[in-house]
Amino acid sequence: NIRQREYAAFSLLHTGIGSRLHRVYPAKRSWTLQFHVVPTAGASMTKGPITERLCCVSCGNPLDCGQRLARTCPRCLMALAWNSDAETPASNDTAPISGLMIGCYRILRRIGEGGMAFVFEAQQEYPHRTVALKLIKPGLTSLELLRRFEQESNALGRLQHHGIAQVYEAGTADTGFGPQPYFAMELIRGKTLLDYAESRALSTRDRLEMFAKICDAVHHAHQRGVIHRDLKPGNILVDETGQPKVLDFGVACPTDSNTPSTLRTSIGQLVGTLPYMSPEQALADPLELDTRSDVYSLGVILYELLSARLPYNTGKLIHQAIQTIREEDPVRLSSINRNYRGDIETIVAKALEKDKTRRYSSAADLSADIQRHLKDEPIVARPPSTSYQLAIFARRHRGVVAGVVGFLLVLAAVVTGSWLTMRAIEAEMSARYGACAELSAEAMPGYSR
């Protein structure tokens, strides 16, 4: 069915060997569809049966039997999928790409898009199930992106947890743009973490219980040697049962020492989402990264889940955001909501420690402290001591502290000098007084030594 406003003209051109039907769309579409019906050589146009060979309605290339239903070759279908937007029919109608085969998966519709890949809802032939098919974008098959894509599929293949989307298969398909890697994974029908919490109006207790499940999933990944490095609410979907699922391990980092150096991030390469990066991750030094970097990101997620805002205002410039993350303290949760004063504020503050040695050592420890709070048990985290806060203040404001210390030293020197001067004057006055007293005594009658 073609909308009347999109239809411009139909023309039937008769030749001695066949016919061609043209559908020409308005100029703004910038693409033309054609349908070819070509009889085999020697066939008569007036007598006997005609054997038809169907061709792609877009480029005119012959179609295989399995492609005749869509009437479009794989390359043209994928081109429609890549370029679909609000100005093309593919955005409102999934028919152009529906039915395209990628390996043993039949595309149903496009459901998402990332920086390096599209995600489609697809039907697997055997076993019969609906999956999420992630296919790298054409033209982006650089060695770096191929490495990350393979790294993501390998990372997901190592993880078997109900809180992490499961990967089923990885492979390569030729869609007319050359070999394109893909992998099929569990299709999760749900909302992002913040949208789910907002739409369900979850209580603080419900939010903490859900967050503890997320920590358990992240800890499972850490135990399997995988650091996510891009944990954020947008990479966590909550299904209809309320189970959160961690997604997008595209920039995950292996922790095992046997990993080849080619699979590690280079120094100076900033990977992740800035507002959720730990201070050491913002330095872009992969040697400083460990599982506690994910713990920090979890702390930012928990802060935002409870307060509906980020702990920092990172601004728009990268260098300002990095400086804020590394030097500024987050706004205290109790200043946003007094109900968070006490254990909750202390737990979040420990997860957001600038010094990774003072954070929770693992996501499991963070989850355990949340469970203790929910059970009204004493938590392990403690507010930072006054001496530690003073030491941190001195470290962050060295110029001010140096000026104050210098002033105090000068003041102490002045006070000490004044005190010594007064003591000297007092000693001199005492000596003079003693001398005068002795002279007066000598002048008195009957004085004898």
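Points worth noting:
- Database remark: amide H of Arg129 closer than 5 angstrom to the amide H of Gln124 (H placed geometrically; neighbours at sequence offset of 5 or more, or on other chains; Pro and chain starts carry no H).
- Sequence-distant residues sharing a close amide H with Leu100 (under 5 Å, placed H): Ile107
- 5 angstrom amide H check on Gln180, placed H, neighbours 5+ away: Ala173, Asp174, Thr175
- Global geometry of the stretch 302-363, whether rounded, prolate or oblate, following the gyration tensor of its Cα atoms and the 1.5 cut on a/c: oblate
- For the cross-link pairs Lys137/Lys316; Lys137/Lys354; Lys137/Lys245; Lys134/Lys356; Lys137/Lys350, the ones whose C-alpha atoms lie over 31 Å apart are Lys137/Lys354; Lys134/Lys356; Lys137/Lys350.
- The stretch 182-234 shape via C-alpha gyration tensor axes, a/c threshold 1.5: oblate
- In plain terms, the residue of Thr175, Thr241 with the fewest other Cβ atoms within 10 Å comes first and the most crowded comes last, giving Thr241, Thr175.
- Going by neighbour counts of Cβ atoms within 10 Å, the residues His128, His228 line up, fewest first, as His128, His228.
Rule-based calculations on the coordinates, nothing more; no lab input. As the structure is a prediction and not an experimental result, all values here were calculated from the model. Glycine gets a Cβ as well: all are built from the backbone with ideal geometry, and neighbour counts include every protein chain shown.
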